[in-house]
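Visitor: Here it is, the structure in full.
The values are calculated or read from the model by the stated rules, or taken from the named source; none is laboratory data. Quick caveat: nothing in here was measured; it's all calculated off a predicted structure. Every residue, glycine among them, receives a Cβ derived from its backbone with ideal geometry; neighbour counts consider all protein chains shown.
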Amino acid sequence: MKTTHKITFGNSAYMSDISNESIDLMVTSPPYPMIEMWDEIFSEQNPAIREALKNEDGNRAFELMNQELDKVWKEVYRVLKSGGFACINIGNATRKIGEEFKLYSSHSRILEYCISIGFSSLPEILWRKQTNAPNKFMGSGMLPAGAYVTLEHEHIIILRKGNKRNFKTEEEKLRRQKSAFFWEERNLWFSDIWEDLKGTKQNNIDNQIRERSGAYPFELAYRLINMFSLKEDTILDPFLGTGTTTMAAMAAGRNSIGFEIDPNFANQLSMRFQEIVTLSNDLIENRINNHLNFIKERISTRGALGYKNKVYGFPVMTSQEIEIAFSEVHKIVNKDHEFEIEYKEASSYKFSEDEILQKEPKSQQKKIWE
Ligand SMILES: C[S@@+](CC[C@H](N)C(=O)[O-])C[C@H]1O[C@@H](n2cnc3c(N)ncnc32)[C@H](O)[C@@H]1O
């Protein structure tokens, strides 16, 4: 199996080289309106934003920033296939402009716009990033009616274009089964609050680009890709940044297309993608070890499981998990902003139930990404 990963440096408001209805899933995190680190990027796209900020007109600046994002959401709607999902990670902003401190809710603004252009809104995820910072509470301390609740969460908006996707051919049905995830992963991934994902390190390795990357955790993109697409599907990220979505697509055996407005990211992206072989193999090892630990515990408390995975030989909870086969990355080939990934057959792990029961549970996880 092979997948391809294309990077375009340009404004994703104009993705004219992507044809209508050709993308299976979009996963992204845009620049957050009214978070200061993104003021300049927005102002370059529309100088009236710089003017509004200078005039301390927070509402106008917020609206104009969102109008820039609207252009991208409209393009995303065009290129998504019917039945395709769009997942948008977005944090609201708190900001004092002039004398007024308030919340700018990008979450509700984006949701309202996306629904207005035809997307259906689905149950969404709150990503809770608790902080222990001593100064996390804002305002009047212990005195009432002047303190503010601490913002410690971001949203992952989940949208769909049209109705449920149909899996018509036998090939597609089998590909869907091979792309399945474990029962215990389903229980964690499909809960509406994610508390186990830490924010990611924000320093960029290349000093030509801005100081903070605004990156989201690898696991966030990887989960969404596994939850809402099949192997060999095509994933789009219109705000690519450090390429986390591309890495996750590579590791999950999907194709991808990424847009990034800042061409200074080119070197960093190429360097980062060279880590894919190690990363994807560590990731598979973690998923398999987590599963082995889970079934060992399950068998010892509840007895034998009813099904066996065909590829790895270990027990699984349901018949939907018997075809699961991870795509092990073998090689990456760089062809000028287009990267090709070659995969091995999923054959290097085989487990018998006796072996699993004798195995010491591995508590140590391989570190995937920070
Ligand atoms: C929040 S960051 C994305 C971070 C990314 N998820 C990661 O893990 O590195 C948003 C990115 O979108 C880029 N950007 C902003 N406006 C854009 C536009 N109109 N078209 C393409 N890229 C844009 C910014 O330069 C920035 O790198």
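Visitor: Could you go through segment 207-221 and let me know if any residue there is hydrophobic (A, V, I, L, M, F, W, C) and under 27 Å from Ser116 (Cβ atoms). Even if it seems obvious, please write down each step before you answer.
Guide: Step one: filter segment 207-221 for residues hydrophobic (A, V, I, L, M, F, W, C), giving 209, 215, 218, 220-221.
Retained after the next criterion (residues that are under 27 Å from Ser116 (Cβ atoms)): 220-221.
Yes, there is a match, as at least one residue in segment 207-221 is hydrophobic (A, V, I, L, M, F, W, C) and under 27 Å from Ser116 (Cβ atoms).
Visitor: Within segment 168-193, how many residues turn out to be outside any loop (DSSP other than H, G, I, E, B), under 20 Å from Gly91 (Cα atoms) and in contact (Cβ under 8 Å) with a residue 60 or more places away in the chain?
Guide: Start the filter on segment 168-193 by keeping residues that are outside any loop (DSSP other than H, G, I, E, B), which leaves 170-178, 183-189, 193.
Now drop any that are not under 20 Å from Gly91 (Cα atoms), which leaves 189, 193.
When the remaining residues are screened for being in contact (Cβ under 8 Å) with a residue 60 or more places away in the chain, the result is 193.
Qualifying residue count, segment 168-193: 1.
Visitor: Within segment 224-265, how many residues turn out to be in a helix (DSSP H, G or I) and within 12 Å of the ligand (Cβ to nearest atom)?
Guide: The total comes to 9.
Visitor: Can you tell me which condition Glu56 does not meet? The list is (1) within 16 Å of the ligand (Cβ to nearest atom); (2) touching a residue at least 40 places away in the same chain (Cβ under 8 Å), and all the others hold.
Guide: Unmet for Glu56, out of (1) within 16 Å of the ligand (Cβ to nearest atom); (2) touching a residue at least 40 places away in the same chain (Cβ under 8 Å): (1).
Visitor: Now for a different question. Return a yes/no flag: does segment 139-151 have any residue that is within 21 Å of the chain's Cα centre (by Cα) and surrounded by fewer than 18 Cβ atoms within 10 Å (Cβ to Cβ). Give the steps one after another, and end with the answer.
Guide: The first filter runs over segment 139-151 and keeps only residues within 21 Å of the chain's Cα centre (by Cα), leaving 151.
From the residues that got through so far, the ones that are surrounded by fewer than 18 Cβ atoms within 10 Å (Cβ to Cβ) too are 151.
Looking through segment 139-151, at least one residue is within 21 Å of the chain's Cα centre (by Cα) and surrounded by fewer than 18 Cβ atoms within 10 Å (Cβ to Cβ).
Visitor: Right, another one. Could you list all residues from segment 151-167 that are part of a loop (DSSP other than H, G, I, E, B) and modelled with pLDDT of 95 or more?
Guide: Listed by number, the residues that qualify are Gly162, Asn163, Lys164, Arg165, Asn166, Phe167.
Visitor: Can you go through Ser19, Ser29 and tell me which one is polar (S, T, N, Q) and more than 11 Å from the ligand (Cβ to nearest atom)?
Guide: When all the criteria are applied, what remains is Ser19.
Visitor: Being touching a strand residue (DSSP E or B) at 6+ places or on another chain (Cβ under 9 Å) and modelled with pLDDT of 95 or more is the requirement here; does Ser348 meet it?
Guide: So Ser348 fails the test.
Visitor: If you go through segment 91-104, how many residues are surrounded by fewer than 21 Cβ atoms within 10 Å (Cβ to Cβ) and in a strand (DSSP E or B)?
Guide: Within segment 91-104, residues that are surrounded by fewer than 21 Cβ atoms within 10 Å (Cβ to Cβ) and in a strand (DSSP E or B) number 9.
Visitor: Mind counting the residues in segment 32-53 that are within 11 Å of the ligand (Cβ to nearest atom) and outside any loop (DSSP other than H, G, I, E, B)?
Guide: 7
Visitor: Which of the residues spanning segment 4-16 are under 23 Å from Asn92 (Cβ atoms) and either more than 9 Å from the ligand (Cβ to nearest atom) or surrounded by fewer than 21 Cβ atoms within 10 Å (Cβ to Cβ) (or both)?
Guide: Start the filter on segment 4-16 by keeping residues that are under 23 Å from Asn92 (Cβ atoms), which leaves 12-13.
Across segment 4-16, the qualifying residue is only Ala13.
Visitor: What's the number of the condition Gly118 fails, among (1) at positive phi; (2) surrounded by 13 or more Cβ atoms within 10 Å (Cβ to Cβ); (3) of a type outside the set (Asp, Glu)?
Guide: Going through (1) at positive phi; (2) surrounded by 13 or more Cβ atoms within 10 Å (Cβ to Cβ); (3) of a type outside the set (Asp, Glu) one by one, Gly118 breaks only (2).
Visitor: If you go through segment 86-93 one residue at a time, do you hit one that is farther than 30 Å from Glu340 by Cα and more than 10 Å from the ligand (Cβ to nearest atom)?
Guide: Yes - at least one qualifying residue is present in segment 86-93.
Visitor: Any idea how many residues of segment 152-178 are hydroxyl-bearing (Ser, Thr, Tyr) and surrounded by 16 or more Cβ atoms within 10 Å (Cβ to Cβ)?
Guide: Start the filter on segment 152-178 by keeping residues that are hydroxyl-bearing (Ser, Thr, Tyr), which leaves 169.
Restricting the remaining residues to those that are surrounded by 16 or more Cβ atoms within 10 Å (Cβ to Cβ) gives none.
Count: 0.
Visitor: Can you tell me which residue in segment 279-311 is surrounded by the fewest Cβ atoms within 10 Å (Cβ to Cβ), limited to those that are of a type in the set (Ser, Thr, Tyr) and farther than 16 Å from Glu219 by Cβ?
Guide: Of everything passing the filter in segment 279-311, Thr301 is surrounded by the fewest Cβ atoms within 10 Å (Cβ to Cβ).
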